[in-house]
1. Taking the Cα centre of the chain as the origin, how large is its charge dipole in debye, to the nearest 20, when only Lys and Arg (+1) and Asp and Glu (-1) carry charge on their Cβ atoms?
2. Considering amide H positions built from the backbone, and no H for Pro or chain starts, which residues 5 or more places from VAL77, or on another chain, come under 5 Å of its amide H?
3. Under 13 Å from a label point 7 Å along Cα→Cβ of ALA110: give me every residue in segment 116-140 with its amide N that close.
4. Short version: ³J(HN,Hα) in whole Hz for each residue of segment 151-156, in order, from phi by Karplus 6.51 cos²θ - 1.76 cosθ + 1.60 (θ = phi - 60°), x for Gly and Pro, what are they?
5. For segment 31-119, compute the number of Lys pairs whose alpha carbons are separated by less than 27 Å, excluding pairs fewer than 8 positions apart on the same chain.
6. So between GLN159 and SER84, what do we pick up on full extension, going 0.36 nm a residue minus the alpha carbon distance?
7. Residue by residue, what Karplus-based ³J(HN,Hα) values in Hz, rounded to whole numbers, does segment 113-130 have, using 6.51, -1.76 and 1.60 with θ = phi - 60° and x for Gly and Pro?
8. Name the chymotrypsin sites (Phe, Trp or Tyr not before Pro) in segment 154-194 that are in a loop by DSSP and that have at most 14 other C-beta atoms within 10 Å, would you?
Amino acid sequence: MRELEERILKDGRVLPGEVLKVDNFLNHQVDPDLMFSIGTAFAHAFRDAGVTKVLTVESSGIAPAVMAGLALHVPVVFARKHKSVTLIDDLYTAEVYSYTKKTSNHISIAKKFLGADDKVLLIDDFLANGQAVQGLFEICDQAKAEIAGVGIVIEKVFQTGHELVADRGVKLVSLAQITSFDGDRVHFASETTK
Ligand code: G4P
Ligand code: NA
Ligand code: NA
């Protein structure tokens, strides 16, 4: 998505540890016009997939997920994060390890918001090692919900998350695919195909 790549080049900052800081439009301050374009792009990519619900994880997944839900006219559910979860009957839960933060969180959603009749579009801001997406897969499995696909705003394709999605056999749509960082420069997969 050209508009997104241009915004990353303009406002993104490369931090040590191959982390892209995009708090100007995605992770802290949010640009609603750009988010609307992002939601529209996800809806277009999954318009024939029979999506009944959009699922994400708080907090940074919520803005793009809501815009995708708006464009598809389906509800949006975000998993909540907890330090730990004792067994609670009315929740689906999964453990998510963050390589970036070196911490483990539980994510959970209320059972009443996901079920076997649902076909779910998973949305997240970043795909790095895919631990968040893996956690959402586990939650969908517990709910016996079908997975329509995965929509990612920014994928770091040099990390392993896409393999995890491929192993699952579901469609992955990443609106910006970063192939490498070179100092403070960002390279996209689209550079080699243009
Ligand atoms: P993974 O989910 O793909 O395995 O990612 P990882 O454990 O490496 O990342 C943990 C957190 O860091 C996630 O946010 C993820 O979105 C974010 N992240 C990963 N790579 C980058 C990056 O290059 N730039 C930025 N800005 N974030 C990155 P989170 O902990 O769920 O936080 P949030 O949703 O509350 O923002
Ligand atoms: Na995230
Ligand atoms: Na994040």
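All of the numbers you see were taken from the coordinates with simple rules; none came from a lab. All values derive from a computational prediction rather than experimental measurement. Cβ: placed from backbone, ideal geometry, glycine included. Neighbour counts: every protein chain shown.
1. Value, rounded to 20: 200 debye.
2. Hits under the 5 Å cutoff: VAL54, LEU55, THR56.
3. In segment 116-140, the label zone of ALA110 (backbone N under 13 Å from the point 7 Å along Cα→Cβ) covers no residue.
4. Values, residue by residue: x, 10, 6, 10, 9, 9 Hz.
5. Final tally of qualifying lysine pairs is 15.
6. Stretched fully, the GLN159-SER84 segment lengthens by 24.3 nm.
7. 9, 8, x, 5, 7, 8, 10, 10, 9, 8, 10, 8, 6, 10, 10, 10, 8, x
8. Here the chymotrypsin sites (Phe, Trp or Tyr not before Pro) that fit, given the DSSP loop and packing criteria, are PHE158.
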